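Reviewing the structure listed below.
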Amino acid sequence: MFDYQAPEQLLAGRIILVTGAGDGIGRAAAKSYAAHGATVVLLGRTLDKLESLYDEIEAAGYPQPAIVPLNLESATEHEYMELANTLEQEFGRLDGLLNNASSLGVRTAIENYDPSIWNQVMQVNVNASFMLTQALLPLLHESSDASIVFTSSGVGRKGRAYWGAYAVSKFATEGFMEVLADELENTSPIRVNCINPGATRTQMRVTAYPGEPPQTNPAPADIMPVYLYLMGADSKEINGQSLNAQ
Ligand code: NDP
C-alpha cells in the first residue's frame, strides 16, 4: 500500500470535487476528504447514492458537502459551464478535482467491439474528463495550490487483450494528464497527476472479474493514503506523475 499517514486536518478549508462520488472508490475518497476537513462536491449520476453519502457526511459532523447530479455520458459543454458558474458563486475557487468516474464497457476482442459502446466509454472516461477539467480550470487557478487527479489503471500502461475501449481510454487518461501537467508546470501552481488504484473491491471489479472472491482485494477505504497525499499540501512538488495506490 502507498505509504502515507495523513494529518487529521490535512484538507481543512479545501474545496474538492469528486466525480463518481456515489459508489466505490469515489465514494470512499469523498468521505475521506470530508473526514480530513474538506468541503466536498459530490458529482455522480445516481441521486440516491449521492444523497445517502451526503447524509453520512453530515451525520459524521464533517463540513457540509454539495451535490451535483450529472450524467457524464450525456452532459453538454453548457452544463459544465453552468456547474463552473455555480461553484464560482458558492465557493469562488476549487482546490481539488478527482476525475474518478469511469465506464467499463464490455470485455471482448477489438474485432467484435460494438462501436456504440466504444463511443460511450470514450465519452465518459476521456471526453467528459476533458470538458469538466477545462470548465473548472479558471476556478482551480483561483486556488493557491490546486491538485487535479486522474484515475488510471494497469491496462492504461500496458495494453491487454479484450480490455478494448476501457484500456484505450486509460492510455488517453495518462496522456491527458501528462500534457496538462507539462502545460501548467511553469505557469501555475496547479499540479496534475494520476492514480492507478489497483484491484479494489467495488462493483466495477466484480463486473470485470465475476469469478473472483471479492474479499481477495482491499476495500476502497484501504487505498486512501495516495488519494489523500495527492490532494493535500504534502504533494505540492509532485506533478506529471502516475502513482500506484497499492
Ligand atoms: P464503480 O463502478 O464502483 O464506481 C464508479 C462510479 O462512477 C459510480 O458511482 C458510478 O455511478 C459513477 N459513474 C459511472 N458512469 C458515470 C456517468 N456516466 N456519469 C456519472 N457518474 C458515473 O467503479 P470503481 O470505484 O471501481 O472505479 C473508480 C475508478 O477507479 C474508475 O476510474 C476505474 O476505472 C478505476 N479503477 C478501478 C479498479 C478496481 O479494481 N475497482 C482498478 C483500476 C482502476 P453509479 O453509482 O450511478 O453507477
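Just one of the numbered conditions (1) over 26 Å from residue 77 (Cβ atoms); (2) within 14 Å of the ligand (Cβ to nearest atom); (3) not aliphatic (A, V, I, L, M) is not true of residue 176: (1). Would it be correct to say that residue 196 is surrounded by fewer than 22 Cβ atoms within 10 Å (Cβ to Cβ), at pLDDT 95 or above and within 11 Å of the ligand (Cβ to nearest atom)? Yes, satisfied. Among the residues examined, residue 179 qualifies as in a helix (DSSP H, G or I), under 30 Å from residue 13 (Cα atoms) and without any contact (Cβ under 8 Å) to a residue 24 or more places away in the chain. With respect to residue 17, determine if the residue is more than 16 Å from the ligand (Cβ to nearest atom) and buried (at least 24 other Cβ atoms within 10 Å of the Cβ). No.
Would you confirm, using the coordinates I've provided, whether residue 207 is outside any loop (DSSP other than H, G, I, E, B), surrounded by fewer than 16 Cβ atoms within 10 Å (Cβ to Cβ) and within 12 Å of the ligand (Cβ to nearest atom)? Spelling it out, residue 207 is indeed outside any loop (DSSP other than H, G, I, E, B), surrounded by fewer than 16 Cβ atoms within 10 Å (Cβ to Cβ) and within 12 Å of the ligand (Cβ to nearest atom). Checking each residue of segment 85-95 against the condition of being within 19 Å of the chain's Cα centre (by Cα), charged (D, E, K, R) and not in a loop (DSSP other than H, G, I, E, B) gives no match.
Note on segment 32-73: residues that are free of Cβ contacts under 8 Å to residues at least 40 places away in the same chain and part of a helix (DSSP H, G or I) amount to 15. Of all residues in segment 106-134, those being within 15 Å of the ligand (Cβ to nearest atom) and either among the charged types (D, E, K, R) or within 19 Å of the chain's Cα centre (by Cα) (or both) number 15. Whether any residue in segment 140-154 is farther than 28 Å from residue 15 by Cα and either within 16 Å of the ligand (Cβ to nearest atom) or buried (at least 23 other Cβ atoms within 10 Å of the Cβ) (or both) is what I want to check. Checked segment 140-154: at least one residue is farther than 28 Å from residue 15 by Cα and either within 16 Å of the ligand (Cβ to nearest atom) or buried (at least 23 other Cβ atoms within 10 Å of the Cβ) (or both). Looking at 223, 238, just one residue is in contact (Cβ under 8 Å) with a residue 40 or more places away in the chain, β-branched (Val, Ile, Thr) and either loosely packed, with under 15 Cβ neighbours inside 10 Å or assigned to a helix (DSSP H, G or I) (or both), and that residue is 223. If you check 51, 8, 56 for being away from the ligand (no atom under 15 Å from the Cβ) and among the charged types (D, E, K, R), only one passes: 8. Each residue in segment 1-30 was checked for being over 13 Å from the mean Cα position of the chain (by Cα) and of a type outside the set (S, T, N, Q), and 13 pass.
Looking at residue 143, is it closer than 21 Å to residue 81 by Cα and in contact (Cβ under 8 Å) with a residue 12 or more places away in the chain?
yes
The set of residues in segment 146-164 being over 25 Å from residue 29 (Cα atoms) and in contact (Cβ under 8 Å) with a residue 40 or more places away in the chain consists of 161, 162, 163, 164.
The values are calculated or read from the model by the stated rules, or taken from the named source; none is laboratory data. Everything numeric here is computed off the predicted structure, so don't read it as measured data. In this analysis, Cβ positions are derived from the backbone assuming ideal geometry, glycine residues included, and neighbour counts consider all displayed protein chains.
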